[in-house]
Amino acid sequence: MKRIVWISLLAYVMLGYAGKTYGQCQKQRSIVILYENDVHCAVDGYAKLAGLRDAIADTADVFLVSNGDYVQGQTVGAISKGQYIVDIMRTLDYDAITLGNHEFDYGMERMFQLLRQVPVPVVCCNLYDVRLGRNVFAPYVMKRLGNKKIAFLGVVTPTSMEDEAYAFKDERDSIIYDLQFEDIPVSVQRAADEARKAGADYVIVNSHLGEQENARHSDSHTMVAKTSGIDIVLDGHSHAIVQADTVLNKEGKPIMVTQTGTKFANIGKLLITPDGKMSLSLIPIESVKERNAYVAEVVDSINAMLHAQTSRLMCHSEVDLRITDDEGNEINRVAETNAGDIVTDAFRLVTGSDISVLNCGSIRNEVKAGDLTYGDLLSMLPYDNYIVVAEVKGSTIVAMLNKLMAFLPKPDGQFPQVSGLKFIIHEKEHRVSDVQVLNSYTQHYEPINLDRVYTVATTKYCVTDGGLYNAFKGCKIKWETKRTYNDIFIEYVTKNLNGHIGKEYAEPQGRMVKK
């Protein structure tokens, strides 16, 4: 009996030694981090993302992360208030996700409700609960792989507090959530230091800051320049296609910043070799042949439900309603567009107002000429924005227009699209002149009367919730329609235009002239 025990023990020791030797001799695998940003409801890319991960997992250890702006952007998000997107995302087994500004679009309560359904760490170092005096989410999550630790650190643009201001306030207009209770580099540095102290070998920033300068000085390049201890920034928000920009951190060390574009133009791939070297590549979604069968089945099921809800024919358009130019640049953020013209005409004419104004960021998609369905029209205006008619003095309107020229020629989501107004833009001087208002009786434009009170149709977001940089804040609301802006738009094209969008909307109508 003792002999059998000793033989078994010896075998156990020998097997353990052999296993240890094999582990020591086994070649360490590379680490691959696949990343996406600003998907904006382009759901068909998720099956390819999961398929690519599965294929790479045969030869490397793979992590999957999202850098924000997933629940909103197309009809599939708008019609379900993000639920369909979450249903898909929870099938992918992400390792970390951060927030984009559009995760706040349906309000904070809805965002929390959606994110609770995704079994993945949400990381964000700068969403602060003012009432509780603490961060809402963990600033980072640590992932262990063998003897290596990787920290995924999240940060989101604080400009959300202007663009989606309603989500951060209570009914008394007091801020209850804050995205910049301190400078962004300070928040990021604290989180990076904590991650390093906890043993992180790599600190990867999942960023939704973007690369465009803004009034809050919170772009990704500024953040890198004022911090240390970060290895790489997987960025989002500005929809840029950037394989690798190099920015010097505050110690003079070069740090790479990358973005994939938007709507799954590319899948990002960060490769970390066993010797610690990092390289970045962008994989065009069209080149990805792999598809995860389960994710594809879920996406196909949701697409089928969406088609049943949105396929009803609404109108015919002779023209493309555009918000981009031929190179894909979002020109509605710097200039008048025909899509902006028809949408603001709808607000003005259906409500019988003197003027209508809309921030261009509320028009999310364009449509091609042809038969247009309910889903097509809803995709243009996917938010739950309600139309209101406010009483606004002429001097306030002019002040608003001047304020909104501040960032030209850089794109700005608050740039106005208008109806019943004409003006000249002096781009270099960041101001307007020769502001005129359409006389609805004579159908001629007349100089604006600075002392007159005009009726202005716009969204509630643009009057009370932070849109158009609070230019209309405090103005009296004459009429709350209780109707969404897409509902008003659909009524205009189906009833006022009798279901036919004609050549009169082929081009922008000259409401804004640049000098």
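Could you tell me which residue of the range 284-302 is farthest from Thr260 (Cα to Cα), considering only residues that are of a type in the set (A, V, I, L, M) and touching a Leu at 6+ places or on another chain (Cβ under 7 Å)? Spell out how you get there, then give the answer.
First, the residues of the range 284-302 that are of a type in the set (A, V, I, L, M): 285, 288, 293, 295-296, 298-299, 302.
If we keep only those that are touching a Leu at 6+ places or on another chain (Cβ under 7 Å) as well, we get 288, 295.
Details: Val288: 14, Val295: 21 Å.
Result: Val295.
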message: I'd like to check something: does the range 124-139 contain any residue that is among the small types (Gly, Ala, Ser), touching a strand residue (DSSP E or B) at 6+ places or on another chain (Cβ under 9 Å) and in contact (Cβ under 8 Å) with a residue 12 or more places away in the chain?
response: yes
message: closer than 25 Å to Ser238 by Cβ and in contact with a Leu (Cβ under 9 Å, 6 or more places away or on another chain): is that true of Ile79 in this structure?
response: no
field: Residue selected from the range 201-216 under the condition hydrophobic (A, V, I, L, M, F, W, C) and open to solvent by less than 10 Å² (accessible area, probe 1.4 Å), by the criterion nearest to the chain's Cα centre (by Cα)
entry: Leu209
task: Would you check if Leu234 is open to solvent by less than 50 Å² (accessible area, probe 1.4 Å), modelled with pLDDT under 95 and either within 26 Å of Arg29 (Cα to Cα) or not aromatic (Phe, Trp, Tyr) (or both)?
output: no
field: Failed criterion for Ile342 (all others in (1) of a type in the set (A, V, I, L, M); (2) open to solvent by 20 Å² or more (accessible area, probe 1.4 Å); (3) closer than 18 Å to Leu421 by Cβ hold)
entry: (2)
query: For the range 272-286, does any single residue satisfy the condition of being in contact with a Ser or Thr (Cβ under 8 Å, 6 or more places away or on another chain) and either more than 21 Å from Leu49 (Cβ to Cβ) or modelled with pLDDT under 95 (or both)?
result: yes
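Could you run through the range 167-193 and say how many residues are part of a helix (DSSP H, G or I) and either touching a Gly at 6+ places or on another chain (Cβ under 8 Å) or among the basic types (Lys, Arg) (or both)? Quick ask: steps written out before the conclusion?
Narrowing the range 167-193 to residues part of a helix (DSSP H, G or I): 167-168, 184-193.
Next cut, either touching a Gly at 6+ places or on another chain (Cβ under 8 Å) or among the basic types (Lys, Arg) (or both) only: 167, 189-190, 192-193.
The qualifying residues number 5.
Among the listed residues Arg291, Arg333, Arg322, Arg364, identify the single one that is basic (Lys, Arg) and more than 28 Å from Ser66 (Cα to Cα).
On the way: Arg291 fails: more than 28 Å from Ser66 (Cα to Cα); Arg333 fails: more than 28 Å from Ser66 (Cα to Cα); Arg364 fails: more than 28 Å from Ser66 (Cα to Cα).
Being basic (Lys, Arg) and more than 28 Å from Ser66 (Cα to Cα) holds for just one of Arg291, Arg333, Arg322, Arg364, which is Arg322.
Scan the range 217-231 residue by residue and report those that are open to solvent by 50 Å² or more (accessible area, probe 1.4 Å) and at pLDDT 95 or above. Steps first, please.
Filtering the range 217-231 down to residues open to solvent by 50 Å² or more (accessible area, probe 1.4 Å) leaves 217, 221, 226.
The answer is His221, Lys226.
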Spans of strands (runs of 3 or more DSSP E) in the range 318-434 with at least 1 residues within 25 Å of Gly107 (Cβ to Cβ) and not acidic (Asp, Glu): 355-359, 386-393, 416-419
message: Would you confirm, using the coordinates I've provided, whether Asp193 is under 30 Å from Gly328 (Cα atoms) and among the acidic types (Asp, Glu)?
response: no
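Just for the range 145-162: of the residues that are open to solvent by 40 Å² or more (accessible area, probe 1.4 Å) and in contact (Cβ under 8 Å) with a residue 12 or more places away in the chain, which one is farthest from Asn67 (Cα to Cα)?
Gly146
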message: Given the condition touching a residue at least 60 places away in the same chain (Cβ under 8 Å), among the acidic types (Asp, Glu), within 15 Å of Ile184 (Cα to Cα) and in contact with a helix residue (DSSP H, G or I) (Cβ under 6 Å, 6 or more places away or on another chain), answer yes or no: does some residue in the range 213-231 qualify?
response: no
message: Residue under question is Arg483, and the condition is that it be at pLDDT 95 or above and not small (Gly, Ala, Ser); does it hold?
response: no
- line: Residue hits (the range 452-511; farther than 17 Å from Val388 by Cβ, among the acidic types (Asp, Glu) and in a helix (DSSP H, G or I)) are Glu504
The range 247-277: number of residues that are acidic (Asp, Glu) and surrounded by 20 or more Cβ atoms within 10 Å (Cβ to Cβ): 0
- line: Going through the range 278-332 in order, the residues found to be among the small types (Gly, Ala, Ser), open to solvent by 70 Å² or more (accessible area, probe 1.4 Å) and within 26 Å of Tyr35 (Cα to Cα) are Ala293
- prompt: Looking at (1) in a loop (DSSP other than H, G, I, E, B); (2) without any contact (Cβ under 8 Å) to a residue 60 or more places away in the chain, which is the only condition Met142 fails?
  reply: (1)
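The values are calculated or read from the model by the stated rules, or taken from the named source; none is laboratory data. All values derive from a computational prediction rather than experimental measurement. Glycine also receives a Cβ, built like all others from the backbone with ideal geometry; neighbour counts cover every protein chain displayed. Side chains included, ligands, DNA and RNA excluded: accessible areas come from the protein's heavy atoms. Shrake-Rupley method; radii C 1.70, N 1.55, O 1.52, S 1.80 Å.
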